[in-house]
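Peer 1: Here it is, the structure, as structure tokens.
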Amino acid sequence: MIISSGCAPKNPLPANNNYSSYKIDVPFVSPRSELCASTSIEMVSSYWKSITAYSPLLTLAELDERTLIPAKGGTLQIELIAAARADGLLVYPLEATFDALFSELSEHHPVIVLLNRSYSWYPLWHYAPITGYDAKAQTILMHFADTPNEAVPIGTFAALWERSGNWGVVLLPPGQLPASATPEKFLRSAYDLEKTGMTNEAIIAYKSALTRWSDDIPTLFALGNAYYNSHQISSAERVYREILLIDFKNPFALNNLADILCRTGRSDEALKLLEQIETDDIQMQSIIKATREEIDKGCAPFQ
Amino acid sequence: MKVSKLVLSFLLSVSLFTQVLSAQIASTDSILGQSVSESSKDKLVQMISREDVSKRFQELGVDSKIIEARVASMTDEEASKIAYHIDTLPAGADAGMSIIGAIVFVFIVLLITDIVGVTKVFSFTKPINN
């Protein structure tokens, strides 16, 4: 039984695929016991440092102490993500497909994957950055443990990757966009930066999303709120107004713009905006009610 | 989870206070289809799950000086996922098995296959079917 299941892994790619060869020059960092997550982040962040203006916020030693759980002898996926964000990178969860993987490689975005080098009943989990693909030899190139650009046959790679549910993340400086990104998923990644205190990086990420999806209202709204929350009120006002040019009845933008108008001594205009709002959402209605009460009372000016 | 009543009431008052301050602004969560303004109870639950994560990290040998920064760099959803599932989540480690580990592993596999009766490697085993 054990021998029969040891047959050679099959090539998972469709026979007529047109994936070409890519080679990304990711600097190699020697592995240290139990620290493959931290090492993987370091390799990808030094790659971005070498080709963009990005500069990592954490040293390798700081990445180490932010990722290792000694009793587990390794790093949880969530902590790899959280540490990469703290390093100033946007973390985009890769869609679990070869198409998504190859579209990132084609734009020279290294992807960190989680592999199980063994079977599920004796897992040996390992993080490694993918550094390319050789279409002729049909091998995935990756900085695997102590071997830079190790050529792993695509079938073997697929088998190891499948055991983690094809888990992978694209780590990018916030000014870059993943090749495979959708506006909503990218917005969530950027908003996660903001929620964990990386507001400047989040603002850069929202802006770069708008270079690709200029009319995306949720992204515009997130940018307006990030400006508002970092006290850049006139920028926030400009972005909320931009939303209303696209959707003049947008309740979120109307409400937040009304708040700014009221706090900057333009209560009449603020009330007019609130009158335009139509919404069935109960939570939204209660926010609007609060804004209206605020206007009636006289809004507190910005500090 | 032991949190004194004083701490609880302090956390509640803080979360109520921040909620009042930001009540009239629709947050980015609202447009992403997440709950708009969380109730103070939700906020309390989240604080407690962060506390849980800190405690588990301490038990698992994480340096206590860095725990706060590690937990702070997680979003609420991430912290509560870790709080609930830390024992079952995979932890990526590094290189493969050691040679000794592999030898022990092969020994155990062959021992089992001997006992099941599909191999006959060791003289001291007897297949269970015979």
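The values are calculated or read from the model by the stated rules, or taken from the named source; none is laboratory data. All figures in this text were calculated on a predicted structure; none of them were measured in a lab. Glycine gets a Cβ as well: all are built from the backbone with ideal geometry, and neighbour counts include every protein chain shown.
Peer 1: Given the criterion surrounded by 14 or more Cβ atoms within 10 Å (Cβ to Cβ), more than 10 Å from every other protein chain (Cβ to nearest Cβ) and either farther than 30 Å from A:Tyr206 by Cβ or at pLDDT 85 or above (or both), identify the matching residue among B:Ile115, B:Ile100.
Peer 2: Testing whether each residue is surrounded by 14 or more Cβ atoms within 10 Å (Cβ to Cβ), more than 10 Å from every other protein chain (Cβ to nearest Cβ) and either farther than 30 Å from A:Tyr206 by Cβ or at pLDDT 85 or above (or both) leaves just B:Ile115.
Peer 1: With respect to A:Ser55, is the statement that it is more than 10 Å from chain B (Cβ to nearest Cβ) and not aliphatic (A, V, I, L, M) true?
Peer 2: Criteria met by A:Ser55.
Peer 1: Could you give every pair whose Cβ atoms fall below 8 Å, whose first residue belongs to segment A:266-283 and is within 23 Å of A:Gly298 (Cα to Cα), and whose second residue is in a loop (DSSP other than H, G, I, E, B) and among the aromatic types (Phe, Trp, Tyr), counting only separations of at least 6 or pairs across chains?
Peer 2: Pairs found: A:Gln276/A:Phe248.
Peer 1: Another question about this same structure. Filter segment B:57-85 down to residues that are under 17 Å from A:Pro70 (Cβ atoms), assigned to a helix (DSSP H, G or I) and either at the interface with chain A (Cβ under 9 Å from one of its Cβ atoms) or among the β-branched types (Val, Ile, Thr) (or both), then give me how many there are.
Peer 2: 9
Peer 1: Looking at (1) modelled with pLDDT under 60; (2) farther than 27 Å from A:Leu63 by Cβ, which one does B:Ile31 not meet, given that it meets all the others?
Peer 2: With (1) modelled with pLDDT under 60; (2) farther than 27 Å from A:Leu63 by Cβ applied to B:Ile31, the lone miss is (1).
Peer 1: Among residues belonging to segment A:124-158 that are more than 27 Å from the chain's Cα centre (by Cα) and within 19 Å of B:Gly92 (Cα to Cα), point out the one that is surrounded by the fewest Cβ atoms within 10 Å (Cβ to Cβ).
Peer 2: Checking each candidate, the answer is A:Asp146.
Peer 1: Please state which one of A:Leu68, A:Leu105 is more than 14 Å from chain B (Cβ to nearest Cβ) and aliphatic (A, V, I, L, M).
Peer 2: Every option except A:Leu105 fails the conditions.
Peer 1: Continuing with the same structure: How do the helices (runs of 4 or more DSSP H) wholly within segment A:1-116 filter down when requiring 1 or more residues that are over 27 Å from B:Thr75 (Cβ atoms): which remain?
Peer 2: Result: A:36-51, A:98-106.
Peer 1: Can you name every residue in segment A:118-153 that is of a type in the set (A, V, I, L, M), in contact with a Pro (Cβ under 7 Å, 6 or more places away or on another chain) and either closer than 20 Å to A:Asn11 by Cα or not assigned by TED's automatic domain parsing to the domain that holds A:Cys36 (or both)?
Peer 2: A:Ile130, A:Met142 - these are the residues of segment A:118-153 that are of a type in the set (A, V, I, L, M), in contact with a Pro (Cβ under 7 Å, 6 or more places away or on another chain) and either closer than 20 Å to A:Asn11 by Cα or not assigned by TED's automatic domain parsing to the domain that holds A:Cys36 (or both).
Peer 1: Just for helices (runs of 4 or more DSSP H) wholly inside segment A:176-293: which have at least 3 residues that are more than 18 Å from the chain's Cα centre (by Cα), away from chain B (no Cβ under 11 Å) and not hydroxyl-bearing (Ser, Thr, Tyr)?
Peer 2: A:233-246, A:267-275
Peer 1: Take the residues in segment B:86-97 that are part of a loop (DSSP other than H, G, I, E, B) and at pLDDT 80 or above, then tell me which one is farthest from B:Val53 (Cα to Cα).
Peer 2: Residue satisfying both the conditions and the ranking: B:Ala93.
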